[in-house]
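Scroll down for the structure; my scribbles are underneath it.
The values are calculated or read from the model by the stated rules, or taken from the named source; none is laboratory data. Quantities reported herein were computed from a predicted structural model and do not represent experimental measurements. Here Cβ is always computed from backbone atoms with ideal geometry, including for glycine, and neighbour counts include all displayed protein chains.
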Amino acid sequence: MADAEAIRAFEHAGWERAAGTYEGSFGTATRQFLPALLDAALIGPGQPVLDVACGPGFTTASAAARGAAVRGLDFSAAMLEVARARHPGIDFDQGNAEALPYPDGSFDAVISNFGIHHVPRPALALRQARRVLRSGGMLAFTIWTAPDENIAWKLVFDAIRLCGDPAAFKAPAPGGGFANPADCYAALQEAGFAGIGSNKVHGVWHQANGRALLDALCAGTARMAALIAAQAEDALPAISAEIDRLATPYRDTNGLAVPIAAIVAFGRNP
């Protein structure tokens with residue numbers, strides 16, 4: 001329990017801090033995967049839908065735009081303040097993904113865009129998602145692929161390894177172990193889902209240069225922001241320059257066009 005609480009406290013502090021700057025920073029990456037997520041969950045008009053770890057409500061609003069009767073849930077009051085201000089016609093609740101405050105069988109679909117792997121005990125969150133789903137209801141969530149396909153992450157990790165100190169990062173290890181489709185399949189199977197599958201979706205994240213990439217991650221993430229913040233201040237110019245050097249293959253006329261990729265995992269409540 002101590003580890004779970006340490007993870008929750010770390011994640012909570014990070015997302016509270018990022019709430020006001022998420023939209024213009026990391027949100028420009030995560031929003032690219034919303035259509036694939038909603039398609040996997042079969043979101044359509046009139047469905048009662050829950051968006052878990054909704055953050056500032058972009059996923060929630062996208063489901064509402066498809067006609068769903070959606071509500072969002074997040075543990076961050078700061079994120080919910082942004083969500084309610086941006087989307088006044090949608091209901092948002094503060095709560096815990098590991099103990100959802102809804103009756104059994106309340107929803108036709110549960111969705112989470114890059115949220116499940118931030119929960120201290122993702123297996124528990126998946127079981128809770130299944131509990132609040134009606135029979136036949138769909139769950140879909142996204143995770144990032146490994147850095148060899150997710151080049152934005154690889155650039156930062158490699159630059160810090162070469163010019164910084166990866167060991168300076170002292171945050172608690174994440175509670176989840178999702179790194180590939182097999183991990184998602186195993187977790188969904190353990191939680192009791194059927195019809196399990198996944199899709200790999202690719203995108204491009206545009207940033208002006210290496211410093212802008214670091215700034216976007218600092219402004220809109222929890223764990224990556226902590227890794228960057230742990231670096232010595234005088235190492236950051238060298239880290240930025242190394243990202244620029246490593247990113248040469250991804251340059252376009254506007255700066256960097258960095259490949260990113262995600263896994264959309266899904267399952268059905270039997």
Expected single match for touching a residue at least 60 places away in the same chain (Cβ under 8 Å) and charged (D, E, K, R) among R121, R66, R71, R84 is R121
Open item on the list: Among the residues in the stretch 196-203, are any of a type in the set (D, E, K, R), under 23 Å from the mean Cα position of the chain (by Cα) and part of a strand (DSSP E or B)?
Closed with: yes
Over the stretch 227-260, the set of residues buried (at least 18 other Cβ atoms within 10 Å of the Cβ) and among the small types (G, A, S) is S240, A247
(message) Based on this model, can you work out whether D51 counts as in contact (Cβ under 8 Å) with a residue 40 or more places away in the chain, buried (at least 24 other Cβ atoms within 10 Å of the Cβ) and not polar (S, T, N, Q)?
(response) yes
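Matching residues to (1) among the small types (G, A, S); (2) out of contact with any strand residue (DSSP E or B) (no Cβ under 9 Å at 6 or more places or on another chain):
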| site | (1), (2) |
| --- | --- |
| A83 | yes, no |
| H87 | no, no |
| D93 | no, no |
| N96 | no, no |
| Y102 | no, no |
| F107 | no, no |
| F114 | no, no |
| P120 | no, yes |
Test: residue in the stretch 166-176 that is among the aliphatic types (A, V, I, L, M) and either in contact with a helix residue (DSSP H, G or I) (Cβ under 6 Å, 6 or more places away or on another chain) or in a strand (DSSP E or B) (or both): yes
Among the residues in the stretch 208-221, are any more than 30 Å from R130 (Cα to Cα), of a type outside the set (D, E) and either exposed (fewer than 15 other Cβ atoms within 10 Å of the Cβ) or at pLDDT below 95 (or both)?
yes
ask   = Do we have A29 as buried (at least 19 other Cβ atoms within 10 Å of the Cβ) and of a type outside the set (D, E) here?
value = yes
